[in-house]
């Protein structure tokens, strides 16, 4: 746990953070809003005393109430992993600026997040589906993804037994799982 | 009529085949007998007048019949040897040590569905395997297998061989283009580029040898290497650089690893043969392995002495004249096989408790046949020079085939630009150097 | 081409085009004749993104070649659409998803323990690392300390799995370059190692061995005897395989200078693992961010500077030797003790988030776990290195020949199970 890192981050980013930097085990976590993503990550990447040059992961999260995009970064200047959570994305039209200008390798990770959640990354030149077929209409990892509905919309729509069991009209949708994470 | 149709329907497939074949054969046989009886003498006269043509036709037919057999042997060799190099077992089930595998492959290939892809050019698509196979088979006509055992002794034998062998390119391009498949197209064009590039070092490396030999006839070249009977007479020692270049270029001509990009199955599925199945693919397959044999045969003929033995044998003769035995011959033929079978069967029966008596007899009979066959072969080797020549020729050729197979099991393949670079920047200047040095040497050494 | 804004829900274009209505009919650059459009691997709908439009527009003399999901040497089911100029590759468009199993969604409906068998088949060649990262993430959620013996066993089996994975890499790489023999020798090597691991874990391939708080079974006699046998001849076998290739002129000329990556490009493409170390950056999680008991072990991080395929290959061979060192030390220093921490039957962590990453044979293998207080994970995101490296292929390939496509892909060592999750 690198306390100095938390202090440095709070000193550098101050108001952009939604609350103090939280730490647990060997991870430091900061929360920012969607609009600050590009500036924050560029600062984290370029500034020599931060030097978070390695993007280890780019994940999307659907907390039930909102959407988040989570970046995990590594730097040689600290012993902690840094987790940057861009939170507050609406569940109806989640949009986040893309980080492909810093890491072109994030292009596919953003494609995957779009495919699974529907989060639009503005500035990504290639934001199309990566796992699901191009004419697929749902976003699977969202918490409101209801499999029989999706099956009914598939090319085999309603033909197979499993696709006919529940019809969208009289099915009770699952309770939306939520977390404060 | 319907009774006949019902009977036909009740037959199985082999039954139907036999029902058609047997009357047909009977008719043909009687027709043949009648023709021979009536016109036999005239036919014989015509044949005797045109003996060279008869001889050629006979030799060509024998070659065409033996080509699949040789291909079978080489296919099995390749599978088994590469498997052993890979520390696995390879073909194991279909005959002793899997040796009948090639036959099974041949049957399988005959039984597969033979289709033409939708947008393929049907005429070109059908004729491509024919062209490839026939050029390979035709080029075997000039190779001397033994003293007196050659189909035709052209005095331009070397030139003929390279000319016909170069026509394989046409067949490969046909196959690659007509398949309506980009993989095939890439394979066909790669193969055309490769074969054409390597033709030039191939022919140039032989020109030095032709200058030394003074003739292009393959039979004469082999005869010239049989001077003292020792292997140092072989042209490989008089033209070492030419031999090396020829060996490398021949590997490329035969599309063998490391130059097997045309059928590189980790990149372009099966190259020009991607869309072929059934017997058409069988033709390509055969053509490749016949090509390996023919290219090895040519190397042996040109550089390794052809059918000459590596060391001179003392002249012994083993005359066997069974006629002098008289009635003893009849007794011999009746008694010796029985005695031999019993003799060879006895150790199995006595010392191996699980062999039944009839199994031991069968084994004894087989062993007796093997021993008698071996003795007969030895007698033929000593008495007939063509047997000896054939033996050495085949031994050397299959030794080179083994070398090809060994390379396939060991080496990775080169890339097309490295292949072309190698041919044009290294082999071609080396061949030219060889040519100039040979010419210089001839001029200097033959100065009176 | 104008930028196409992706629509809110998935695109739903028509599946077939009646004759004469394909949108590229008017474009002189795309196709030769209208009938042949059916056979080209061009998607039957208008391009959705800028990059798709750029890719599916043919220049002068270019053609598309589809290396489809069935191909003798894509590493699993991968479809790559290549844009070729003769034999030279101009651009590629990999199409993924043929092996997508929806592991992240399945895991949300399973217990924490069940997720271990769900994540095994992600990078099936190196399953133990696929289990290791989520298990470490859960342990951080639960604040559980793993007993030292379990950590040593984890490192021991993990390093064995690394050797198995690298020897398979050697085989594939040689096979894609045309050599038929090294892959079979690699499988002999790998066979011995998986038999060993089967004696330890019960399974040859998808091990399901790590547990939250430890491992499933202790070292047993059969495993130790097989391990001892194998260690005595491991180096010889590996060097036999190397000896066939390292000195081979054809192999070195094919592989050197192929797919060169420099340091800045590698970092920007988010490459990790041996691919990054081959460019000169000595980044290995076992030393850069030590986890488990790696701080107590003595091993080197091999690094090379050329950044080409030959460097990656030689680097992985050296890593095998370092793994053998680690295994030796683990065996010497193995402590006694329990192999599982004391945990309740039903795992119910406090709400929170945890990230853990291990150094797999291919790179950083990471897991981000979010817990909402119930006994099912709320979200498990797996970061897979093969996914990133396959993207890097698209950056490295243009300008090379067709024959190098497979060679570069093989040298970056992707496993489609991990790419497609």
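Nothing in this text is a laboratory measurement; each read-out follows from the coordinates by a stated rule. Given the structure is predicted, the values throughout are model-derived calculations rather than measurements. Heads up, the Cβs are rebuilt from the backbone with ideal geometry, glycines too, and the neighbour counts pull from every protein chain shown.
Figures for the structure shown
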quantity: Average Cα contact separation per residue, chain C, under 8 Å, 6 or more apart, as relative contact order %; calculated: 22 percent
quantity: The stretch B:1-118: equivalent-ellipsoid semi-axes (sqrt of 5 x gyration tensor eigenvalues, Cα, Å); calculated: 38, 30, 13
quantity: Share of pairwise Cα separations in the stretch B:322-383, more than 12 Å, in percent; calculated: 71 percent
quantity: Stokes-Einstein diffusion coefficient of the stretch C:161-297, Kirkwood radius over Cα pairs, 25 °C, 0.890 mPa s, in µm²/s; calculated: 140 µm²/s
quantity: Calculated over chain A: convex hull of Cα atoms, volume per residue (Å³); calculated: 124 Å³
quantity: Shape of the stretch C:228-384, Cα gyration tensor, a/c cut at 1.5; calculated: oblate
quantity: Pairwise FRET efficiency - residue C:224 versus residue B:155, Cβ, R0 = 60 Å, nearest 0.05; calculated: 0.20
quantity: Degrees separating the helix C:127-142 axis from the principal Cα axis of chain C, which is the longest one; calculated: 70 degrees
quantity: For the stretch B:163-207, alpha-carbon Rg and Dmax in angstrom; calculated: 11.9, 40
quantity: Residue exposure sequence - C:330, C:130, C:270 - by fewest surrounding Cβ within 10 Å; calculated: C:330, C:270, C:130
quantity: Span from the the stretch C:319-338 Cα centroid across to the the stretch B:173-226 one, whole angstrom; calculated: 58 Å
quantity: Relative compactness, the stretch C:149-228, computed as alpha-carbon Rg over 2.2 N^0.38 Å; calculated: 1.21
quantity: Descending principal axes extents, the stretch C:278-318, alpha-carbon based, whole Å; calculated: 32, 17, 11
quantity: Gap separating the Cα centres of the stretch B:96-134 and the stretch B:378-448, nearest whole Å; calculated: 30 Å
quantity: Förster-model FRET efficiency, 45 Å R0, residue B:6 and residue B:417, C-beta, rounded to 0.05; calculated: 0.10
quantity: Cα-derived Rg over Rh, computed across the protein assembly as shown with Rh taken as Kirkwood radius; calculated: 1.06
quantity: Antiparallel %, DSSP beta bridges [both residues in the protein assembly as shown], to 5; calculated: 80 percent
quantity: Angle in degrees between helix A:3-13 and the longest Cα principal axis of chain A, rounded to the nearest 10; calculated: 80 degrees
quantity: Nearest-ten-degree value, helix C:148-177 long axis tilted from longest Cα axis of chain C; calculated: 30 degrees
quantity: Prolate/oblate/rounded label for chain C (Cα gyration tensor, a/c 1.5); calculated: oblate
quantity: Cut-off 18 Å, label 7 Å out along Cα→Cβ of residue A:122, residues of the stretch A:2-41 by amide N; calculated: A:32-41
quantity: Rg to Rh, two decimals, where chain B supplies the alpha carbon set and Rh follows Kirkwood; calculated: 1.03
quantity: Nearest-0.05 FRET efficiency for residue C:114 and residue B:351, computed from C-beta distance (R0 60 Å); calculated: 0.45
quantity: Viscosity 0.692 mPa s, 37 °C: Kirkwood-radius Stokes-Einstein D of the stretch C:57-147 over Cα pairs, µm²/s; calculated: 201 µm²/s
quantity: Rel. contact order, % - alpha carbon contacts under 8 angstrom, at least six apart, chain B; calculated: 20 percent
quantity: The stretch C:279-294 and the stretch C:192-249: distance between their alpha carbon centers, rounded to Å; calculated: 23 Å
quantity: Global form of the stretch B:227-324, assessed from the alpha-carbon gyration tensor, a/c cut-off 1.5; calculated: oblate
quantity: Value of Rg to Rh for the stretch B:297-448 (Rh from inverse mean 1/r over Cα pairs, i.e. Kirkwood); calculated: 1.23
